[in-house]
Amino acid sequence: MSGTLNKVMLIGHLGDEVKLHYFDGGNCIGRFPIATNESYTNRQTGEKVTNTEWHNIVVRNKAAEICEKYLSKGDLIYVEGRIKTRQWQGEDGATRYSTEIQASDFTFLSNKQGDVNPSAGAAKPTQASAPMAEGRSEGENPQAAGPEADDLPF
């Protein structure tokens, strides 16, 4: 294989509020941690085990401001980006490393209390569940044989 790929897709809960840092020129960077969980049952003991992995997310400029405005601790978010490792000198002179996810795309997955639309969850009636035309029986519906006759909700 001649190419390489650095792509990460995560769905997790925010572990803290989004923290912004502004630079000269108006650019900014936002940082926040998200937690992803893995659950399984231990075969020997039968107990349920949950492992949590923490990921440091970095967003830039307008995306960072949007995250700060709409996200809060505990919210569920989908993040897509790439892994980047930073290196710096600590106060004690030791070299430190940090692995981060540089977000390129994200989607908020948590519903906020004020944003709930009561009709959003209602499914659109399909052709099969719509009222029958007057004077026709179920077997006489000419559209029933078409692709719209599925009982699929989408």
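The values are calculated or read from the model by the stated rules, or taken from the named source; none is laboratory data. Please read all numbers here as calculations on a predicted model, not as lab measurements. Quick reminder, even Gly has a Cβ in these numbers, built from the backbone with ideal geometry, and neighbours come from all protein chains shown.
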Residue check, T126 farther than 25 Å from H21 by Cα, touching a Ser or Thr at 6+ places or on another chain (Cβ under 6 Å) and either modelled with pLDDT under 95 or loosely packed, with under 14 Cβ neighbours inside 10 Å (or both): no
Note on the stretch 19-46: residues touching a Lys or Arg at 6+ places or on another chain (Cβ under 8 Å), charged (D, E, K, R) and either modelled with pLDDT under 95 or loosely packed, with under 15 Cβ neighbours inside 10 Å (or both) are K19
Quick count over the stretch 94-111, residues being free of Cβ contacts under 8 Å to residues at least 24 places away in the same chain and surrounded by 10 or more Cβ atoms within 10 Å (Cβ to Cβ), is 2
Selection from the stretch 64-86 of residues under 16 Å from T36 (Cα atoms) and β-branched (V, I, T) yields I77, V79, I83
State whether the residues of the stretch 133-140 include one that is in contact with a Phe, Trp or Tyr (Cβ under 8 Å, 6 or more places away or on another chain) and either at positive phi or modelled with pLDDT of 90 or more (or both). no
In the stretch 9-48, what residues are of a type in the set (G, A, S) and either under 18 Å from Y70 (Cβ atoms) or out of contact with any strand residue (DSSP E or B) (no Cβ under 7 Å at 6 or more places or on another chain) (or both)? G12, G15, G25, G26, G30, G46
May I ask you to list the residues in the stretch 72-111 that are within 15 Å of L14 (Cβ to Cβ), in contact with a Ser or Thr (Cβ under 8 Å, 6 or more places away or on another chain) and aromatic (F, W, Y)? Y78
Give the stretch 47-93 a look and list any residue that's among the aliphatic types (A, V, I, L, M) and surrounded by fewer than 11 Cβ atoms within 10 Å (Cβ to Cβ), or say none. V49
Which pairs have Cβ atoms under 8 Å, sit 6 or more apart or on different chains, and link a residue in the stretch 69-84 that is among the small types (G, A, S) to one that is modelled with pLDDT under 95 and surrounded by 13 or more Cβ atoms within 10 Å (Cβ to Cβ)? G74/S110
In the stretch 67-86, anything assigned to a loop (DSSP other than H, G, I, E, B) and touching a His at 6+ places or on another chain (Cβ under 9 Å) is listed as K73, G74, D75
Close pairs from the stretch 6-18: first surrounded by fewer than 18 Cβ atoms within 10 Å (Cβ to Cβ), partner basic (K, R) and in a strand (DSSP E or B), Cβ under 6 Å, at least 6 apart: N6/R82
